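Okay, so here's the structure we're looking at.
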Amino acid sequence: VKPLVLVHGGAGDIPESRVQMKLDCVCKAASEGYKVLNKTGCVLDAIVAAVEIMEDDESMNAGKGSVLNLDGEIEMEALICEGRNLNAGSVTLVQNVAHPITLARLVMEKTPHTMLGAEGAKRFAEKMGIPYVQNDQFIIQSAKDALKEFKEHKLDPSRTEIGERPGEKG
Amino acid sequence: TVGAIAVDISGHLASATSTGGITGKMKGRIGDTPLLGCGGYADDDIGAVSTTGHGESIMRYNLAQRILSAMNNGQSAQEATKSCCEGMTARVGNSAGAITLSKDGSVGVFFTSKRMAWAYQLGNEIHYGIDAGQHLIMKV
């Protein structure tokens, strides 16, 4: 089998103004993942490397750049699965962590559980030595603008056709 | 949402998905991303999937699991990804996208939304796109 890392940067009504930044990011992530896969031979290392790049990129709705809930907060989620033995780990309602995908991998590898959420995930991240990041550092202006527009227009979260970020989906 | 799936030289597969969710969600809302069979799945006997789109619809339809089931029933990675994304939109409404790899490394990319950015590298070429049916190649 030819080694391959395939990535996506999210589905939605992405406006023309955001097309190039999305393409730049997915190409960079795919390239880095492929490099890691060829170097380590490990599919988990490869996909984590690719996703971490996208979590660090403000143009993506994950990690830095995540959209906001009604309280103006970020609540992130991630899932990782391994096909060899059907192992999996996931996290939900996560805050203060730069790379939720890495936390999900630790849930898979270091706990007897499959899914951790909210306060428990936070405590586990601390226990694993994952650096605490202030939530303010994840929140970008376009996410604030999107929430403002959402509230002003009482939008349905499933609608996709309005504005830049309000249509960004999970 | 972002996602990555990979296959190695021995056919081992893995899937990862990460998201900030959806603008204006209620505090405590959980989407499809962290749920097995919804936000993603990987099984060396079939393939690997990562999904994106309207989380509540993806959950109700079990999109990732359905794509792998379709592949297990003989569809290619591309056929399964297309038929299941379209099936979800037809059955429960709203849009979704997915990337899929089969155990032999075949690629599937499809979305019922307006756009979805995707990419993979093969040798010294990066294959990528964002609009429906678009498949661009860049030398690296």
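Overview of results
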{"quantity": "Backbone N within region A:102-130 under 16 Å of label point (7 Å from A:Glu73 Cα along the Cβ vector)", "calculated": "A:117-124"}
{"quantity": "Degrees between helix B:77-92 axis and first principal axis of chain B (Cα, 0 to 90, nearest 10)", "calculated": "10 degrees"}
{"quantity": "Percentage of interatomic Cα-Cα distances in chain A larger than 21 Å", "calculated": "51 percent"}
{"quantity": "Value at 222 nm in deg cm²/dmol, rounded to 500, when DSSP H runs of n ≥ 4 in chain B each add -39,500 (n - 2.57)", "calculated": "-7000 deg cm²/dmol"}
{"quantity": "Peptide ranges A:132-145, A:4-17, B:115-128 listed from the most packed, as the mean C-beta count within 10 angstrom indicates", "calculated": "A:4-17, B:115-128, A:132-145"}
{"quantity": "DSSP-defined beta bridges in chain A - what % are antiparallel, rounded to 5", "calculated": "65 percent"}
{"quantity": "Inter-probe distance in nm under a simple model that places probes 7 Å from Cα toward Cβ, at A:Met21 and A:Lys35", "calculated": "2.3 nm"}
{"quantity": "Cβ-placed point charges (K, R +1; D, E -1), dipole of region B:15-140 about Cα centre in debye, nearest 20", "calculated": "540 debye"}
{"quantity": "Value of [θ]222 nm, deg cm²/dmol, for chain A, DSSP H segments ≥ 4, -39500 (n - 2.57) each, nearest 500", "calculated": "-13500 deg cm²/dmol"}
{"quantity": "Estimated Rh, chain B: Kirkwood, alpha-carbon pairs, angstrom", "calculated": "15.0 Å"}
{"quantity": "Hull shadow area, averaged, the protein assembly as shown [alpha-carbon convex hull, nm²]", "calculated": "13.8 nm²"}
{"quantity": "Size descriptor, Kirkwood hydrodynamic radius, that averages inverse alpha-carbon separations across region B:56-105, Å", "calculated": "10.7 Å"}
{"quantity": "Cα long-axis angle, helix A:43-55 against chain A (0 to 90 degrees, to the nearest 10)", "calculated": "20 degrees"}
{"quantity": "Gaussian network model of chain B, Cα within-10 Å springs - most flexible of B:Gly129, B:Gly40, B:Gly55", "calculated": "B:Gly129"}
{"quantity": "Antiparallel bridges, percent of DSSP beta bridges restricted to the protein assembly as shown (to nearest 5)", "calculated": "95 percent"}
{"quantity": "Debye intensity ratio I(q)/I(0), log10, region A:1-87, q values 0.12, 0.16, 0.17, 0.18 Å⁻¹ (C-alpha model)", "calculated": "-0.42, -0.70, -0.78, -0.85"}
{"quantity": "B:Glu125 paired with B:Val92, simple spin-label distance in nm, labels 7 Å along Cα-to-beta-carbon", "calculated": "3.6 nm"}
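Computed from the coordinates by the stated procedures, all read-outs in this text should not be read as laboratory data. A quick note: this is a predicted structure, and the numbers were derived from the prediction, not measured. Reconstructed Cβ throughout: ideal geometry from the backbone, glycine too, with neighbour counts over all protein chains shown.
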